[in-house]
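Working notes for the structure below.
Where a number appears in this text, it was derived from the coordinates with a stated rule and is not lab data. Fair warning: this is a prediction, and the values are worked out from it, not measured in the lab. Please note: Cβ atoms are built from the backbone with ideal geometry, for glycine as well, and neighbour counts cover all protein chains shown.
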Amino acid sequence: MVQLSGIANDTIRAEIEEFLERPEEIERNVELFSRASPEMQDIAAALIEGDNVTVDRLTSKALADGVHALEIMDDGLIAGMGIVGIKFREGYVFVPEVLVSARAMKAGMAHIEPILAASGVEPIGTVIMGTVQGDLHDIGKNLCIMMLRGGGFTVIDLGVNTSPDEFLAAVKDSEARLIGMSALLTTTMPNMARTVEAFKDAGLREQVRFMVGGAPVTPEFGEEVGADGYGKDALACVALAKQLALDVRR
Amino acid sequence: MTEEQYPRLSGEWMTPRRRFLSALYGGRVDKVPAMTLSSVITLEAMEIADAAFPEAHLDAEKMARLAATAHENLGLDTVMPVFHSQLEADALDASTWWGTKDNWPAVDDHVLTDPDDFKVPSDYLERRSFRAALGAIRLLRKRYPDVGIVGKVYGAWSVGFHMVGIENFLMDTILDPDKIRRYLEVLLPASMMSAHAQLEAGADAIMWCDHANRELVSPDMYRDFLLEMHQQIQAEVGGPSILHCCGETTDRIDYFAEAGWDCFHFESQVDPVKAKEIAGDRMSLFGNINNPTVLFSGTYEDCYEACMTVLNAGVQGVAPEGSVPLGTKMEVLAALADSARDYSNAHRPDGRFVTHDPPVAGSDS
């Protein structure tokens, strides 16, 4: 039986008790938050509640008090967003709630990112992200980008309506070897296949790894278009990117 | 009068239009209709009709010719000329990218930040998107008096996505719900005017698109923001109503039925058996052939099998789940009508009406 008593923040304890069901996730989060300082727990709780003003204030205060930016990011912002991600996956919250929490995370990251960039912390890898051609939906992609950045990746965001040529150009212009393609429309999903084909035609397919996602996209469709992996949500996207990053480093 | 003098009707004796409308209301049909409700336009169809995207979005004649391929070349019981989803938003000054031959149009800029700034323009129904769509419906009505014509309307919720931006709109459902209610209130007349105009031009029914699916919002949010408004629509729309909501919707089908929609056009994420169980006799169901895997990447046989699965679940009509990818092959889409014909031939025990019950033992069907 895991002990919640090591967690000072009432909201975090209640969130774990009420919404987490998988034993390994309960154990991981209890361990994480028991280790985190009360200040970091407060940041995570405010983020879960979508309170961007409080996240902004607490992050700023923690930095002023000498807390390391990485600690705030890992134990406060990402830890809180992790709970939101699990609640989203399990259907306890939906896109609006996630967007409001994402807004709070952005408020915190606005303080953290410049510090991390200046300190020369090496990213895990670089990911090129874009919504495929003909598709202007970017909520899912933007959530993935936020979590990837939080997860230690550098992200090149190509935005929406991204043609195969634009993906190709971005790979040629950068050292990125990971590509994430998003689509919300069944009418535009075939453009994922066109993009993979364009890389084959350019002789670059073996050098990169493709991740696909989006509401109508399935693992089977991902396989069919020749992608290297499918992510159901932003959390899965980060896990997949970490796995594929190892692959392209070999 | 004897039966010899007046032979019983048998086989396919309804017009496609009558069949479509009867099925929409959950009534008797000689054959289960196979339909286009969202677009079935493909690159092949553009060649056949000599009318292509993007011109066909804003040219009534080209739009009508292209829409007609659904009946002429695929044997479907309906045609649906409003291929895109920009009809209302473009006429409300949202910035529209009209796409290319092989790419769909989209709204690429959002113009509204305050519901109190919104007003339906006085020439709303005369603007380019409406001129084309209403013109196409009139042409189709004249050319195909016996074919069902489906009009398509984006409801206030989905027009709100276009006008306000989906991210801002969805966040405000939590941060400022009263503002969202006000958006819905001011945008509803624009959707209602679109529906009335399409019905007046000759559409037989309106497919009303409001995307409040599980991938976006909770069922409670549908209940709190849309249920009452959708009930109001039934009283005012003035024609048969079909709701379209993308994605996974199983947990809100009960609300859709409560809203009074005549029919629900559902997507492949929803199990048709479960949908039927929930909707019961309160609302007809049309759907739900998967686009990417079955229609775009699959074969004629895959489509035929998928259609039989959904027909066996007892839905009132078969149709693609949403607008099909433009590279979809027409030979695959042909299985929609073929499967509906074969299913009906096997489920018409008295030779006259299709029944979803198993055929009567000993009948020759």
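Helix A:190-201 versus the longest principal axis of chain A: what is the Cα-based angle in degrees, 0 to 90, to the nearest 10? It is inclined by approximately 60 degrees. Averaged over peptide A:181-192, the number of partner chain Cβ atoms lying within 10 Å of each residue's Cβ comes to 6. Averaged over the residues of B:165-173, the number of partner chain Cβ atoms lying within 10 Å of the residue Cβ comes to 5.
So what is the orientation-averaged projected area of the stretch A:210-250, using the convex hull of its C-alpha atoms, in nm²? Averaging across all directions leaves 2.7 nm² for the Cα convex hull.
Remark: mean inter-chain Cβ contacts per residue of A:96-106 equal 4, using a 10 Å Cβ-Cβ cutoff to other protein chain atoms. The alpha-carbon atoms of the stretch B:17-346, seen along their principal axes, cover 55, 43, 34 angstrom, with the largest extent given first. Amide H contacts under 5 Å for A:Val155: A:Val127, restricted to partners 5 or more places along the chain or on a different chain, H placed in the peptide plane at 1.01 Å from N.
Every Cα-Cα pair of the stretch B:262-328 was included, and the share exceeding 13 Å stands at 58 percent. Compactness of the protein assembly as shown was expressed as the Cα radius of gyration divided by 2.2 N^0.38 Å, which yields 1.03.
Only loop residues by DSSP count here, and only those with at most 11 other Cβ atoms within 10 Å; note down the GluC sites (Glu not before Pro) in the stretch A:1-48 that meet that. Kindly include the intermediate steps, with their values, before the conclusion.
Numbers: sites: A:Glu15, A:Glu17, A:Glu18, A:Glu21, A:Glu24, A:Glu25, A:Glu27, A:Glu31, A:Glu39; in loops: A:Glu21.
Listed in order of number, the matching sites are A:Glu21.
Residues whose amide H lies under 5 Å from that of A:Arg177, counting only those 5 or more places away or on a different chain, are A:Thr126; hydrogens are built 1.01 Å from N in the peptide plane.
Looking at the square roots a ≥ b ≥ c of the eigenvalues of the Cα gyration tensor of the stretch A:126-249, which shape do they give, rounded for a/c under 1.5, prolate if a/b is larger than b/c, or oblate?
Details: a/c = 1.27, a/b = 1.02, b/c = 1.24.
Rounded, since a/c falls under 1.5.
Couplings 3J(HN,Hα) of the stretch B:133-143, computed from phi: 5, 5, x, 5, 4, 4, 4, 5, 4, 5, 7 Hz, in residue order, whole Hz [Karplus 6.51 cos²θ - 1.76 cosθ + 1.60, θ = phi - 60°; x for Gly and Pro].
Over the stretch B:1-52, the ratio between the Cα radius of gyration and 2.2 N^0.38 Å evaluates to 1.74. Between amide H atoms placed 1.01 Å from N, distances below 5 Å from B:Asn288 occur with B:Ala319, all of them 5 or more places distant or on a separate chain. Overall size of chain A from C-alpha positions, given as principal axis extents largest first: 57, 38, 33 Å. Shown is the FRET efficiency for A:Thr154 and B:Asp178, computed with R0 = 60 Å from the Cβ-Cβ distance and rounded to the nearest 0.05: 0.90. With the helix formula -39500 (n - 2.57) applied to DSSP H stretches of n ≥ 4, chain A reaches a computed 222 nm mean residue ellipticity of -17500 deg cm²/dmol. Full extension of the chain segment joining A:Glu122 with A:Arg194 gains 22.7 nm, where the gain is 0.36 nm per residue of separation less the Cα-Cα distance. Computed from backbone phi with θ = phi - 60° and the Karplus coefficients 6.51, -1.76 and 1.60, the 3J(HN,Hα) list for the stretch B:88-102 is 6, 4, 5, 6, 9, 6, 5, 6, 10, 9, 7, x, 9, 4, 10 Hz; x is used for glycine and proline.
Would you kindly work out the equivalent ellipsoid of the stretch B:298-350 from its C-alpha gyration tensor and give its semi-axes, the square roots of five times the eigenvalues, largest first in whole Å? List each step's numbers first, then the result.
Details: eigenvalues 92, 26, 14 Å².
For the stretch B:298-350, the ellipsoid semi-axes come out as 21, 11, 9 Å.
Between A:Asn29, A:Gly108, A:Gly91, the Cα set farthest toward the positive side of the dipole of the stretch A:10-119 (charges on each charged residue's Cβ, about the Cα centre) is that of A:Gly108.
Take the alpha carbon atoms of the stretch B:1-63, find their center, do the same for the stretch A:137-155, and report the distance between the two centers in whole angstrom. Centre-to-centre distance over Cα atoms comes out at 45 Å. In order along the stretch A:110-125, phi translates into HN-Hα couplings of 4, 7, 7, 4, x, 5, 5, 4, 6, 7, x, 5, 6, x, 5, x Hz, rounded to whole numbers, per the Karplus curve 6.51 cos²θ - 1.76 cosθ + 1.60 with θ = phi - 60° and x for Gly and Pro. For the stretch A:133-174, the Kirkwood hydrodynamic radius comes to 11.1 Å, computed from all pairs of different C-alpha atoms. In this simple spin-label approximation, B:Gln231 and A:Asp10 carry label points 7 Å from Cα along the Cα→Cβ vector, and these lie 3.7 nm apart.
Strictly over 25 Å apart at the Cα level, which of A:Lys172/A:Lys242; A:Lys61/A:Lys232; B:Lys119/B:Lys142; B:Lys101/B:Lys142; A:Lys87/A:Lys141; B:Lys101/B:Lys329 would you flag in this model? As for pairs spanning more than 25 Å Cα to Cα, those are A:Lys61/A:Lys232; B:Lys119/B:Lys142; B:Lys101/B:Lys142. Net charge within 11 Å of B:Ser95 by Cβ-Cβ distance, Lys/Arg positive one each and Asp/Glu negative one each, not counting B:Ser95 itself? Net charge around B:Ser95: -4. Dipole check for the stretch B:242-297: with +1 at the C-beta of Lys and Arg, -1 at the C-beta of Asp and Glu, and the Cα centre as origin, the magnitude is about 120 Debye.
For every other residue with a beta carbon closer than 11 angstrom to the beta carbon of B:Leu21, add +1 if it is Lys or Arg and -1 if Asp or Glu, then tell me the sum.
On the way: positive: B:Arg17, B:Arg18, B:Arg19; negative: B:Asp77, B:Asp204, B:Asp262.
Overall, the nearby charge balance is 0.
Treating the Cα atoms of the stretch A:10-119 as identical point scatterers in vacuum, please give the log10 of the normalised Debye intensity I(q)/I(0) at q = 0.13, 0.19, 0.20, 0.24 Å⁻¹, two decimals. Taken in order of the listed q values, log10 I(q)/I(0) reads -0.43, -0.90, -0.98, -1.32. Left without a cysteine partner by the 4.7 Å Cβ rule in the protein assembly as shown: B:Cys209, B:Cys245, B:Cys246, B:Cys263, B:Cys303, B:Cys307.
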